[in-house]
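Please see the structure below; I have some questions.
The values are calculated or read from the model by the stated rules, or taken from the named source; none is laboratory data. The model shown is predicted, which means the values in this text are computed figures rather than measured ones. Here the Cβ positions follow ideal geometry from the backbone for every residue, glycine too, while neighbour counts run over all protein chains shown. Side chains included, ligands, DNA and RNA excluded: accessible areas come from the protein's heavy atoms. Shrake-Rupley method; radii C 1.70, N 1.55, O 1.52, S 1.80 Å.
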Amino acid sequence: MRGQPWLEASATRAVMTALETAGGTGCARFVGGCVRNSLLDQPVDDIDIATRLTPDQTMAALKAAGLKAVPTGVEHGTVTGVSERRPYEITTLRRDVETDGRRAVVAFTQDWAQDAARRDFRLNALYADAAGQVFDPTGGGLADAAAGRIVFVGEAQTRIREDYLRILRFFRFYAWYGRGAPDAAGLAACAALKAGMDRLSAERVSKELLKLLAAPDPRSAVQAMAEAGVLDRVLPQVQPLTLFQAICDLTPDPVLRLSALLPAEAAAVAGVAGALRLSNAQRDRLTAAVADGPVVAPDMGAVQARAALYRLGRGAFQDRLARAEAAGGGDGAALRALAADWTPPKPPVTGRDLARLGVTPGPETGRLLKAFEDGWIADDFPADGHEARLKALTAASGRG
């Protein structure tokens, strides 16, 4: 694993030097995603470190080296070190004392094998020292990473009962790193224990689900979830996967991919978004994609498309277009280009313009402005002739 830029970065060396100065050579090792992704030649985002030092010793070691130390989760052994503005999550080796399917009571240990034994999957239980030498305490992590296997550490049902979120993590890691069929024992355990997911917070479930849907191609994982009865446990109103499978070819966006799994009915979508505790922005986007309003189709003309784009906004227009394409409506490339390039104009008249024509401010002003806007949109947003149109409207209403 030598030669990795993150491994050789001065910020990383400063953290490892600080820890090894306090605890001796080999007292700290990189663990999890940074090791796995380096071996798979994939990007490394977060750098996690496991150490034999206690949280107090870790804090002291970082401060002695002039580095920032933040006690982000000391009750679970975790301290965040900051070096050259980059965070490093540093956790004391642990073993589980008690678990309830959502959280664990842990005790600190000096044993790397005990720490590995409480992790979820063997390819996530890989460690590397400061020089890049890799350690595989479970004996299967390196082979799993190379083969694209997602295998639980130890007995699958035991790992799941420690934290039922691991069911979703099984499918998420399969979506990102799996090849071939899912591990049979892991899949069977997920199917058998899926009811335990009801104990999880909605926030944890939705976060994991969106990470899964952000994989380059999550279709096999979602299909496996459906067959195991896990998908409809997470999304009780989940739709047939045809639209989802097609939309994955059109966009990497996890929210739009989620939309394709939900009913095409705004109230039902809002209910799912609320149950998953999605953000307001995510809820509004999901509902806008299926709410009443202009129909968007790949074969619509430019005038009709501009009208829909004006009324819906760029985001909802693009989402509706993608859903229509995925449903077999044709190629929307031209409309995607239009949505990217065309800026809807602002309405060219206001109530002041009507007041100058003698219309008393009130409900009639709003009605006339709405009528003007409808006609302006239907005529494809002409740049002039506004006063004549207003006069005609006011005359027809008896106000001129």
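Quick check, is ASP115 assigned to a helix (DSSP H, G or I) and of a type in the set (Asp, Glu)?
So ASP115 fits the description; yes.
Which members of the stretch 331-358 meet the condition of being open to solvent by 70 Å² or more (accessible area, probe 1.4 Å) and assigned to a helix (DSSP H, G or I)?
Those that are open to solvent by 70 Å² or more (accessible area, probe 1.4 Å) and assigned to a helix (DSSP H, G or I): ALA334, ARG336, ASP341, ARG352, ARG356.
Please specify each residue of the stretch 11-57 satisfying the condition of being free of Cβ contacts under 8 Å to residues at least 24 places away in the same chain and either open to solvent by less than 40 Å² (accessible area, probe 1.4 Å) or in a helix (DSSP H, G or I) (or both).
GLY24, ASN37, ASP56
Starting from the stretch 137-161, keep only residues that are of a type in the set (Asp, Glu), then list their pairs with residues that are open to solvent by less than 10 Å² (accessible area, probe 1.4 Å) whose Cβ atoms are within a distance under 8 Å, requiring at least 6 positions of separation or different chains.
Hits for this filter: ASP144/PHE121; ASP144/LEU123; ASP144/ILE150.
Can you report the number of residues in the stretch 273-305 which are surrounded by 14 or more Cβ atoms within 10 Å (Cβ to Cβ), in a helix (DSSP H, G or I) and touching a helix residue (DSSP H, G or I) at 6+ places or on another chain (Cβ under 7 Å)?
Selection size over the stretch 273-305: 9.
Being in contact (Cβ under 8 Å) with a residue 60 or more places away in the chain and of a type in the set (Val, Ile, Thr) is true for just one of VAL303, VAL295, VAL290, VAL269. Which residue is that?
Within the list VAL303, VAL295, VAL290, VAL269, the selection yields VAL303.
Scanning for something modelled with pLDDT of 95 or more, in contact with a Gly (Cβ under 7 Å, 6 or more places away or on another chain) and under 15 Å from MET16 (Cα atoms), does the stretch 109-123 turn up at least one residue?
Checking the stretch 109-123: not a single residue is modelled with pLDDT of 95 or more, in contact with a Gly (Cβ under 7 Å, 6 or more places away or on another chain) and under 15 Å from MET16 (Cα atoms).
Tell me, which helices (runs of 4 or more DSSP H) lie completely within the stretch 119-199 with 2 or more residues that are farther than 20 Å from LEU93 by Cα and within 24 Å of the chain's Cα centre (by Cα)?
Correct list: 165-177, 184-192.
Hey, can you tell me all the residues within the stretch 19-52 that are among the charged types (D, E, K, R) and more than 22 Å from VAL74 (Cα to Cα)?
Within the stretch 19-52, ARG36, ASP41, ASP45 meet the criteria.
While we're on this one: Since SER206 meets every condition but one in (1) polar (S, T, N, Q); (2) within 22 Å of ALA316 (Cα to Cα); (3) open to solvent by 70 Å² or more (accessible area, probe 1.4 Å), which condition does it not meet?
(3) is the only condition that SER206 fails.
OK, next. Scan ALA156, ALA175, ALA181 and give me the residue that is closer than 29 Å to GLY330 by Cα and of a type in the set (A, V, I, L, M, F, W, C).
ALA175
Among the residues of the stretch 359-387, count how many are on the phi > 0 side of the Ramachandran plot and either at pLDDT 95 or above or open to solvent by 50 Å² or more (accessible area, probe 1.4 Å) (or both).
Qualifying residue count for the region: 2.
Tally up the residues in the stretch 212-243 that are part of a helix (DSSP H, G or I) and either without any contact (Cβ under 8 Å) to a residue 40 or more places away in the chain or within 20 Å of ALA181 (Cα to Cα) (or both), please.
15
Here's the yes/no breakdown for (1) under 21 Å from ARG118 (Cα atoms); (2) modelled with pLDDT of 90 or more; (3) surrounded by fewer than 18 Cβ atoms within 10 Å (Cβ to Cβ):
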{"residue": "ALA65", "(1), (2), (3)": "no, yes, yes"}
{"residue": "ALA69", "(1), (2), (3)": "no, yes, no"}
{"residue": "GLY73", "(1), (2), (3)": "yes, no, yes"}
{"residue": "VAL79", "(1), (2), (3)": "yes, yes, no"}
{"residue": "SER83", "(1), (2), (3)": "no, yes, no"}
{"residue": "ILE90", "(1), (2), (3)": "yes, yes, no"}
{"residue": "ARG94", "(1), (2), (3)": "yes, yes, no"}
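In this structure, is GLY81 in contact with a strand residue (DSSP E or B) (Cβ under 8 Å, 6 or more places away or on another chain), closer than 21 Å to ARG13 by Cβ and among the small types (Gly, Ala, Ser)?
Yes: the conditions hold for GLY81.
Right, ARG122: touching a helix residue (DSSP H, G or I) at 6+ places or on another chain (Cβ under 6 Å) and open to solvent by 40 Å² or more (accessible area, probe 1.4 Å) or not?
Yes: the conditions hold for ARG122.
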